[in-house]
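Each remark here refers to the structure printed beneath this line.
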């Protein structure tokens, strides 16, 4: 799930430094969801947990004014480099989710957060696992984004967040609905397990999260502030 070496940058390519999450199926699913929204000049977009900056650069290409946030310095550097190489203007900040943008609001918030259930209840503080490990139920970061979204969305603003069904799609919808947002599943995709999930089959089956197939369902949650 993480590139061991930097990939070549150029048209359609992104640099991914060691330890930074490389764009994958979840990134592409969320990018397609963004394309279905009305995003253009004058639209303010916040990308939470930007990683390589792939979504931030994508939104900037659609004409948006983009702010991207990540807690990891390597991700911040990677996103800045990718924005520069793509010749797109993106403001990249280091911080813990919305604490990096106090008092600001946006038309769209996009996020591909860590969401993989982990045998450890402790969140990693460094290393590549920080990009995917999210506590035993996979909701350590997802729940925080659900709680923060109403404060950073303008009226009519939209949160688009991708995560695995392994961390409970219904729980995300209920949490956002309870915060007063209008929610739906905007897209779904079933993909083969990657190396992290393959290594956790026994744990996930013990949690009752797996059936016989080694397929993961990804979902894009859309939540609108009415």
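The values are calculated or read from the model by the stated rules, or taken from the named source; none is laboratory data. Remember, it's a predicted structure, so these values are computed and weren't measured experimentally. Virtual Cβ from ideal backbone geometry, glycine too; neighbours counted across all protein chains shown.
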**OP:** Identify all residues within the range 174-187 that are loosely packed, with under 12 Cβ neighbours inside 10 Å and part of a loop (DSSP other than H, G, I, E, B); write none if there are none.
**Re:** 180
Original post:
Within the range 41-56, which residues are buried (at least 24 other Cβ atoms within 10 Å of the Cβ) and more than 15 Å from residue 97 (Cα to Cα)?
Top reply: 52, 54, 55
Subject >> Close pairs (6 angstrom Cβ cut-off, 6 or more residues apart or separate chains): closer than 17 Å to residue 195 by Cα in the range 205-216, part of a strand (DSSP E or B) and modelled with pLDDT of 90 or more anywhere >> reply: 215/190; 216/164; 216/191
Subject >> Matching residues, the range 188-213, being over 17 Å from residue 115 (Cα atoms) and not in a helix (DSSP H, G or I) >> reply: 211, 212, 213
Original post:
Hey, among the residues in the range 208-226 that are within 16 Å of the chain's Cα centre (by Cα) and farther than 17 Å from residue 153 by Cα, which one's surrounded by the fewest Cβ atoms within 10 Å (Cβ to Cβ)?
Top reply: 217
Subject >> In the range 203-219, the residues that are modelled with pLDDT under 90 and out of contact with any strand residue (DSSP E or B) (no Cβ under 7 Å at 6 or more places or on another chain) >> reply: 205, 206, 207, 208, 209, 210, 211, 212, 213
Subject >> The listed residue being modelled with pLDDT of 95 or more and out of contact with any helix residue (DSSP H, G or I) (no Cβ under 7 Å at 6 or more places or on another chain), out of 42, 12, 53, 28 >> reply: 28
Original post:
closer than 21 Å to residue 208 by Cβ, surrounded by fewer than 18 Cβ atoms within 10 Å (Cβ to Cβ), over 17 Å from the mean Cα position of the chain (by Cα) and at pLDDT 95 or above - does that describe any residue in the range 148-170?
Top reply: yes
Original post:
Has the range 108-116 got any residue that is surrounded by fewer than 22 Cβ atoms within 10 Å (Cβ to Cβ), at negative phi and in contact with a strand residue (DSSP E or B) (Cβ under 9 Å, 6 or more places away or on another chain)?
Top reply: no
Subject >> Within the range 26-63, tally of residues that are in contact with a strand residue (DSSP E or B) (Cβ under 6 Å, 6 or more places away or on another chain), free of Cβ contacts under 8 Å to residues at least 60 places away in the same chain and assigned to a helix (DSSP H, G or I) >> reply: 4
Original post:
For the range 79-107, what are the residues that are part of a loop (DSSP other than H, G, I, E, B), over 17 Å from the mean Cα position of the chain (by Cα) and surrounded by fewer than 17 Cβ atoms within 10 Å (Cβ to Cβ)?
Top reply: 87, 89, 102, 103, 104, 105
Subject >> Count - residues of the range 165-204 that are touching a residue at least 60 places away in the same chain (Cβ under 8 Å) and on the phi > 0 side of the Ramachandran plot >> reply: 0
Original post:
Looking at the range 139-165, which of its residues are closer than 18 Å to residue 195 by Cα and touching a strand residue (DSSP E or B) at 6+ places or on another chain (Cβ under 6 Å)?
Top reply: 164, 165
**OP:** May I ask you to list the residues in the range 64-78 that are free of Cβ contacts under 8 Å to residues at least 40 places away in the same chain, crowded, with 23+ Cβ neighbours inside 10 Å and closer than 12 Å to residue 110 by Cβ?
**Re:** 66, 68, 69
**OP:** Return a yes/no flag: does the range 116-136 have any residue that is touching a residue at least 40 places away in the same chain (Cβ under 8 Å) and assigned to a strand (DSSP E or B).
**Re:** yes
